[in-house]
Structures are given as structure tokens and as C-alpha cells.
Amino acid sequence: MFTKISGSKWKNIVLFITVFTFVATSLVAVLVYKFSGEVSGAAEVNGKEIPIYEFNYTYEMMARNLQNQNIDITAFKKEIAKQAMDTIIENELIYQQAEKEGLLATKEQVKEEILNIPAFQSNGKFDKNLYLQIVNSLGLTPEAFENLIQKQLTVNHVKAILLSSVYVSDEEIETFTKKQLTKISGDVTLIKPKEPVISEQMIKDYYEKHKNDYATQQGKKVEIYKIDINKLGQEKAENLAKDLFTKAKSGSLTNVPPEVEKVFDGELYQDTKLENVPSEVLSEVESLSKDKKVSFSKTPSAYYIGIYKEDVVKSKPIEEIKSEITQKLKREEYQKAVENLHKTTDITALLNNNNVEKSTISDMTIQEFVVKYGIKSNELNNITNLKVGQTSKPISTDEGVLIFKLSQITEPDKDKMEEMKKSIEPLIKTQKFADLYQMYIDNLKKKANIKINKRLLEGE
């Protein structure tokens, strides 16, 4: 399969991306997902639909992985759904590109992969019945599962191609290692934003906007109308009920006749009990949704029309989660303040308008220094290029801005450098591959027409 690479467009693509990534890493491709129309599958990429089962399978695998780490996923379902959507779209983009290049995994490779999956084996041999049982338990047909395996194998092939193009020079290893082991001493001035003040109104506004995030129950807002047969007579009640039902179906029910009684107008949840509505009628109303907005029921004594208005949720009271919201808003406001600090070049303003912490470090490796203060990787040169006695420009950190005055520098021990070099190449290669892969994906996305089934991201 990979013999096709050298003579294909892939060679040029890999070379282009490699040069583009490592010469101009500051340029990042931007994707704007193009939401439009109804998507019956999970998503649509360049006119090709990604089936719902692919999203469900990916979501389920991600959720299980977190649960196996004893992580409660209740609060992270939307994030998992978004990650699953991103993953299937990326895989589809790669698959389509590989298809153009004739690099798809073959049926033989898919078969071999499935035969070697331990979960499908019994006593060390592939068990077809066990395979079908497990695949069915995942809500998949064998054909759907094989399609998933083929796509994943193809994606892995493409990643292998990209990885093979990543090169780490001796000079890079030398420079990186030296930066990690060189020891520095000096004075640190850390400028941090003041503690944000969160008002009651901010908490209330956030709660109203994010009620769904604190939902304890999902329900629906409905109206239920009763047309009494005993009061109106069979014929009049039946005609009135049919007319009401027709108008409700067409959305033109504006004026309700006085003979019709509204027996319920409110939010209906799973545990809601309505004494004036028969159980069989309530069961019909409970089945209402965006796709079925009107119900029609008949009992010996009356007709009932149920009308769906909208989905609703029952959320935790604001008093229960006020502290949680306050802390979340504090983090968000603090992060905004940090980002504003990063944009400020006036050192005097930085020092006068923010909290300032001063300290001294002694014989700390640059690696330790970077980790301790959360210094961004692109700011590293502002430290390593300093000479004794010099003061750095403002350096962006996770918490704010740092100014460092170098008083002493100690070159690394040669033996330690040689020892670190042995393990550092895979780390640099992994980071380079991550940058290369992301640039490649962004390039595909920028040229793609992508539509997403937004309901999957809303948990509907």
C-alpha cells in the first residue's frame, strides 16, 4: 500500500506541510463549521454523510474510557459529544483524502484486524458467535463495524505517513536538552490580576443562561384540552374535537371555543401526576415531542387534545449551586484578565494596576522554572537568550506576566546531557507530529464543506 506514496501527491503534501509547519508555526488554519439545513446522519462532509452509528460508537468508546478511569461523566456529556463529533469529522476528512490517493485499508486488512482482536477470541481463536454478540451489543451490524475498522485503519495509515516525515536533527536535540538542564538564578517579578469580584447579578445571569447544565430532569411544556361528551353530546363533542385537532396540527389554533376546557397548561415531567387527566390520556401526551406535536385521545366521557410547546428541564435551585457558579465565574473572569495582561506592553501600567509578587530563584533548571511559573513554550527564548545582568521583556504565563532578571547561569553537566539526549528525541518527535497532524487537519477542514447534526451536540 505504501509503495504508492513516493509517486503520489502525498509526497508533495507531506513536504509542503512539513515546511509550512516548522517554518511558519505561527500561522494556523481556521475552520468555520458551516451549519446549514437538516442533516439526517451525524454529519455531512463534502456531501458524504457520516452515519449516526459512527457518532454513537465513538461517543460510547470515549465515555467508557473515562468511566474505566473512575471518572463521573455526568457533567461532561456535552464535551464528550463535541469531542466525538470532532473525531468522526477528522477521520472522515482523512478517509476521503486517502480514498483519492488509493490508500484505503483493504478488506483483507480489515478481516485480519478483526480476527486478531482479543475480545472476539475464545481459547485463543476467533469466535464468530462471540463477535456477532459483542457487535450487536454495541448497536452495530457486522457491516457497520467493519466500515468503522476500515476507516480507523486508513486513518492510522495516514498518520504513519505523516509520522515518517517528521525529522529531529542532532542540533535540535542538543539545543532542547541544554535548555532543559541549564541552571539559572535571579529575581522574579510575577504580575497577576486582582481577584475578580462576582456580583449577584452575574451569578443569576449565568444560571439563567446555563440552566440546562444543571438539569435534574428533562420534560416538556404542554397544553391539554378536554371536550366533554356528557355535556355537549356525542356528535357536537366529536366535531369540536376534530376541528380543534386539525387546527392544532396546522398551528392555527388561536381562539379556543368556550365549550373546551383547558385542563392543563404547564411543564410535564416523568413524575408529574395529573388528577384531572386519565392515565391513558397522560400516556399519549407524554409521547409528544418536536416531531409529534399534537395528540388525540378519547375516553367514554370525553375527547382530549394534547399540544407540545417546547422541551424544558427541571434544574437544581440556584441556592444549591451558587458557590459552584461563583467559582466558575471567578476562573473565567481571571482568565480574561490574564489574557488582557498578555496584551499589555506598558510595564508601568502592569505594575501599578495589578498584584505584584516578587521572589528569588537559585540554581533552578530552565525546565523547572518553566513548569513552576507556567511559561508558554513560545516565550522560552526570552529566558534562554538573556545574559547575566539583563532583565527580560514581560513573559506570558498561565497566571499572568513574569519579568525575570538573570543574576547567574550554570551550564549543564555533560554526562546528564548525554543521558537526557537518549530519551528526548521521541518527545520532540511526538510534539512535531502533533503540530504537523493538526496543521494537516486544519488544511483539510478549511477546504471542506461540513454540516453537523446539532441535535447530537445538544444531547437531544
FRET efficiency for Glu324 and Asn230, Cβ-Cβ distance as r, R0 = 41 Å, nearest 0.05? 0.20
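Subtracting the Cα-Cα distance from 0.36 nm times the residue separation, let me have the gained length for Ser137 to Lys421 in nm, one decimal. The partial results should precede the final answer.
Values: separation 284, 0.36 × 284 = 102.24 nm, distance 4.77 nm.
Taking Ser137 through Lys421 to full extension adds about 97.5 nm, to one decimal.
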Quick one: compute the contact order of the chain, relative version, from alpha carbon pairs under 8 angstrom and 6+ residues apart, as a percent. 28 percent
Semi-axes of the equivalent ellipsoid of the stretch 74-167: what are they in whole Å, largest first, if each equals the square root of 5 times a C-alpha gyration tensor eigenvalue? 25, 21, 13
Dimensionless Rg/Rh of the stretch 270-405 - Kirkwood Rh, Rg from C-alpha atoms: 1.44
Phi-derived 3J(HN,Hα) across the stretch 242-256 with the Karplus relation (6.51, -1.76, 1.60, θ = phi - 60°), rounded Hz, x for Gly and Pro, is 5, 5, 5, 5, 4, 5, 5, 5, 8, x, 10, 7, 10, 9, 8
For the stretch 43-127: rounded, prolate or oblate by the Cα gyration tensor [a/c cutoff 1.5]: oblate
Taking amide hydrogens as modeled 1.01 Å from N in the peptide plane, which residues meet the under 5 Å criterion relative to Asp127, leaving out close sequence neighbours? Gln121, Ser122
Give Lys192/Lys330; Lys336/Lys387; Lys336/Lys432 a once-over and call out the pairs whose C-alpha atoms are over 22 Å from each other. Lys336/Lys387; Lys336/Lys432
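Considering only the chain, what is the antiparallel percent among its DSSP beta bridges, to the nearest 5? Can you show the working numbers first?
Details: 55 of 55 bridges.
In the chain, approximately 100 percent of DSSP beta bridges are antiparallel ones.
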Stretched out fully, how many nm does the piece from Asp170 to Lys273 gain, at 0.36 nm a residue minus the Cα gap? 29.7 nm
Per-bin percent of Cα-Cα distances, the stretch 357-437 [5 Å]: 3, 12, 19, 23, 19, 14, 9, 2, 0
In the neighborhood of Asn385, defined by Cβ-to-Cβ distances under 13 Å, what is the net charge if each Lys or Arg adds +1 and each Asp or Glu adds -1? +3
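For the pairs Lys220/Lys298; Lys226/Lys290; Lys48/Lys78; Lys262/Lys293; Lys328/Lys454; Lys220/Lys262, flag any whose C-alpha to C-alpha distance is greater than 20 Å. Write out the running numbers ahead of the final one.
Working: Lys220/Lys298 22 Å; Lys226/Lys290 22 Å; Lys48/Lys78 24 Å; Lys262/Lys293 17 Å; Lys328/Lys454 26 Å; Lys220/Lys262 17 Å.
Flagged as over cut-off: Lys220/Lys298; Lys226/Lys290; Lys48/Lys78; Lys328/Lys454.
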Could you list, bin by bin from short to long, the percent of Cα-Cα pairs of the chain in 20 Å steps? 16, 36, 33, 12, 2, 0
What distance in nm separates the two pseudo spin-label positions at Lys309 and Gln96, each 7 Å out from Cα along the beta-carbon direction? 4.2 nm
Quick one: check the C-alpha center-to-center distance for the stretch 232-250 versus the stretch 440-454, whole angstrom. 50 Å
What is the spin-label model distance, in nm, from Lys405 to Glu238 if the labels are put 7 Å beyond Cα along the C-beta direction? 9.7 nm
What Kirkwood hydrodynamic radius, in Å, does the stretch 210-315 give when the mean of 1/r is taken over all pairs of distinct Cα atoms and then inverted? 14.3 Å
If a/c stays under 1.5 just call it rounded; otherwise compare a/b with b/c (prolate if a/b is bigger, oblate if not). Do that for the stretch 88-233, with a ≥ b ≥ c from the square roots of the Cα gyration tensor eigenvalues. oblate
Once amide H atoms are placed 1.01 Å from N in the peptide plane, what residues at a sequence separation of 5 or more from Ala43, or on another chain, have their amide H within under 5 Å of its amide H? Ile50, Asn453
Count the net charge of all other residues whose Cβ sits under 11 Å from the Cβ of Phe120, scoring Lys and Arg as +1 and Asp and Glu as -1. 0
Ranking request for peptides 121-130, 193-202, 388-397: highest mean number of other beta-carbon atoms within 10 Å first, then the rest in descending order. 388-397, 193-202, 121-130
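Which of the peptides 52-59, 356-363, 96-103 is most tightly packed, and how do the rest follow, judged by the mean count of other Cβ atoms within 10 Å per residue? List each step's numbers first, then the result.
Numbers: 52-59: 19.5, 356-363: 11.4, 96-103: 15.4.
Order by mean packing, descending: 52-59, 96-103, 356-363.
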Provide, for q = 0.12, 0.15 Å⁻¹, the log10 of I(q)/I(0) from a solvent-free Debye sum over equal Cα point scatterers in the stretch 143-225. -0.93, -0.86
Rounded to whole Å, give me the distance from the Cα center of the stretch 66-118 to that of the stretch 283-343. 31 Å
Applying the Karplus parametrisation 6.51 cos²θ - 1.76 cosθ + 1.60 with θ = phi - 60° to the phi angles of the stretch 213-223, what ³J(HN,Hα) value in whole Hz is obtained for each residue in order, glycine and proline being reported as x? 5, 10, 5, 9, 8, 9, x, 8, 8, 9, 10
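Quick note: the coordinates plus some simple rules give every number you see, no bench work behind them. All figures in this text were calculated on a predicted structure; none of them were measured in a lab. Methodologically, a virtual Cβ is constructed for each residue, glycine included, from the backbone with ideal geometry; neighbour enumeration extends over all protein chains shown.
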